[in-house]
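Got a structure here, written out as structure tokens. Questions coming.
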Amino acid sequence: MRIAVAAGPGGGGVLRVLAEDGTPAEEVLDVSDLVASIAERERADSPRWVWASTARLYPRLLGAGVRVARCHDLELVESLLLGHAGRYGEPRSVPAAWARLRGEPVPADRPPPQEETAQASLFDDDTRDRDEPADDIGQIVAVHAEQQRAAAKLDGFALLAAAESVGSLVAAEMSHDGLPWSAGEHDALLTELLGPRPSGGLRPRRLQDLADRISAAFGGRVHVNPDSPAQILKAFAAAGLPVPSTRAHVLKQLDHPAVPLLLEYKELARVHAAHGWTWLDTWVSGGRFRPEYVVGGVVSGRWATSGGGALQIPRVLRKAVVADPGWALVVADAAQLEPRVLAALAGDRAFTEAAAHGDLYAALSDAFHDDGDGRSARDKAKIALLSAMYGGGTGEAVQLLGILKSRFPEAFEYVEAAARAGERGRLVRSRLGRTCPPPSAGWRELTSAGDDTAPDARQGTAAQALRSRGRFTRNFVVQATAADWALALLGSLRRRLTPLDAPRLVFFQHDEVIVHTPAELAGEVTEAVHAAALEARRLLFGDTPVVFPMEIAVVDRYADAK
């Protein structure tokens, strides 16, 4: 059963039962309390809820203690369908999709929910009683039916739509539940790294000490601000060491006493700016870190965040992620996920046999040799495989790629074909149909064939653009399929955790999940993770022998997991 939902003013709304193909099965039902009505129907029928946007509606349900098992997020699915048609980036809202159906002018999308909240807080005197603009049940029903018709014609797309939609539920639930975070531990770590918390916008003591020593290392006659790349470049030039940038890999090539101080300063300043005391005050409350996830925020299907930087928690601060007393963190990540995805995609028999083992790189190492050059055969296998997926082709990688090509020709050809398609301006897709963005009009003009009379510089730029596009599509087919697999894992794991009641998914990053659970349920959660990984493999790749092992640790704090 599917039930379409249109939120209305004053906490009310409209419901309509739909058949699986999206056609109306019952009359429209007006309800005065939308949240209570959804809760009642969820208990009775556990339908798939069809609504405009999980990010807009579901937090309201979660705030009232209501969780649903399934949904169809019209905005996310519309974005996937537009991408599949090569129309990446067009407006994806229900009114926009409705306008396209009718051949009418397409309105722009509304800002994301968090931006609307910020704008309302800035310009309205009182935002507590502001209502969301009412949804149109007729538009929702029509757009959903069209999406169902379109998805039915595309192999695997129904699963992709379901996975993306369940991802939206997980994202909202993780933001609501929050990642356990000790403000006291965080403050202690910052104090140990930087010194006591400063006041009045001053640098922490450790950073100020490094800044003073950096100026002294350059002679001390002129103050050098380590936060100013221009001043650093000027100081190095004055010392007879001109450099093109202040990037760490550039600085490491220099022999100057300021270099180790600058590298240390940059590292600590990054922690202070991205996860310092201001971050702690803004994002952690009640012992929880609640970031704002953006499902499908990256073109490959990976998630992003619109605030909080949950996907970039520095290793040093993972000590602050602490389970509640009597609880534990089950930390699980998929070992060597993308190479295994390539093995399953390519169907290369030799490569697949290697991927049926625990350590894929070690299994591939017999194709390479320890030549006494400091790199083990396993390291060389890793370099070759990553180069094949990411487009590396210089130095040692060229020789290693040659070995990989001769030993595993189908796997090598799979990514090579994707690269060639990209260089020709074509679209490539993940296993379930997630599609890469098309090249821009500027790219097509630059790389158009038959321009042998163009200046050498332009021809060189065109060749570089072609290679760049090829590297992108080469990796896209693997990375996007890995994102498909991860969403399938999330959906399966979420479903398996529901009967356990207390455990909660609290973190997800590419190929890693964290479940916060009562300690006595950690074993059952671990079993659920393994079962979810098996189900995700089956859903995407059928009976492939490629294994997707999950490395799992049950710990009190995140830092102890690795």
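Derivation of every value follows stated rules applied to the coordinates shown; laboratory data play no part. Computed from a predicted model, the values in this text were never measured in an experiment. Cβ coordinates were reconstructed from backbone atoms using ideal geometry, including for glycine residues, and neighbour counts include every protein chain displayed.
What is the diffusion coefficient of the chain in µm²/s, taking the Kirkwood radius over Cα pairs and the Stokes-Einstein relation at 4 °C with a viscosity of 1.567 mPa s?
49 µm²/s
In what order do 543, 177 fall by count of nearby beta-carbon atoms within 10 Å, going from fewest to most?
543, 177
Related question: Where a Cα-Cα gap under 23 Å defines reach, which lysines qualify for residue 380, not counting those fewer than 8 residues away within the same chain?
Answer for residue 380, where 23 Å is the Cα cut-off: 405, listed by chain and number.
Next question, about the same structure. Using the Cβ atoms and a cut-off under 11 Å, what net charge is assigned to the surroundings of residue 18, where Lys and Arg are +1 and Asp and Glu are -1?
0
Taking the Cα centre of the chain as the origin, how large is its charge dipole in debye, to the nearest 20, when only Lys and Arg (+1) and Asp and Glu (-1) carry charge on their Cβ atoms?
For the chain, the charge dipole is close to 1380 debye.
A further question follows. In the range 418-562, what is the volume of the convex hull around the alpha carbon atoms, normalised per residue and reported in Å³?
Output value, Cα hull per residue: 148 Å³.
Listing 193, 18 from the residue with the fewest other Cβ atoms within 10 Å to the one with the most, what is the order?
193, 18
Please enumerate, by chain and number, the lysines with C-alpha under 19 Å from the C-alpha of residue 562, excluding those fewer than 8 residues away in the same chain.
Hits, sequence-local ones excluded: 319.
While we're looking at this one, here's another question. Using packing as a proxy for protection, rank 152-159, 489-496, 325-332, 304-311 so that the peptide with the highest average count of other Cβ atoms within 10 Å comes first.
Going from most to least packed, we get 489-496, 325-332, 304-311, 152-159.
For residue 479, what charge total do you get from the other residues with a beta carbon under 11 Å from its beta carbon, if Lys and Arg give +1 and Asp and Glu give -1?
0
So how many Å³ per residue does the convex hull of the Cα atoms of the range 241-327 work out to?
Here the figure is 159 Å³ per residue.
Provide the net charge surrounding residue 267, with neighbours chosen by a C-beta distance below 12 Å and charges set as Lys +1, Arg +1, Asp -1, Glu -1.
So the environment of residue 267 carries a net charge of +3.
Which one of 365, 487, 277 has its Cα pushed farthest toward the positive end of the charge dipole of the chain, where Lys and Arg give +1 and Asp and Glu give -1 at the Cβ?
It is 365.
What percentages, rounded to whole numbers, describe P(r) for the range 220-367 computed over all alpha carbon pairs with 5 Å bin width beginning at zero?
2, 7, 11, 11, 9, 11, 13, 13, 11, 7, 3, 1, 0, 0
What longest range of the chain stays clear of loop-exposed GluC sites (Glu not before Pro) (DSSP non-H/G/I/E/B, at most 14 other C-beta within 10 angstrom)?
28-562
List the lysines whose Cα sits under 19 Å from the Cα of residue 252, skipping any in the same chain fewer than 8 residues away.
234, 266
Okay, moving on. Quick one: compute a quarter of the convex hull surface over the Cα atoms of the range 2-153 and quote it in nm².
Its average projected convex-hull area is 9.6 nm².
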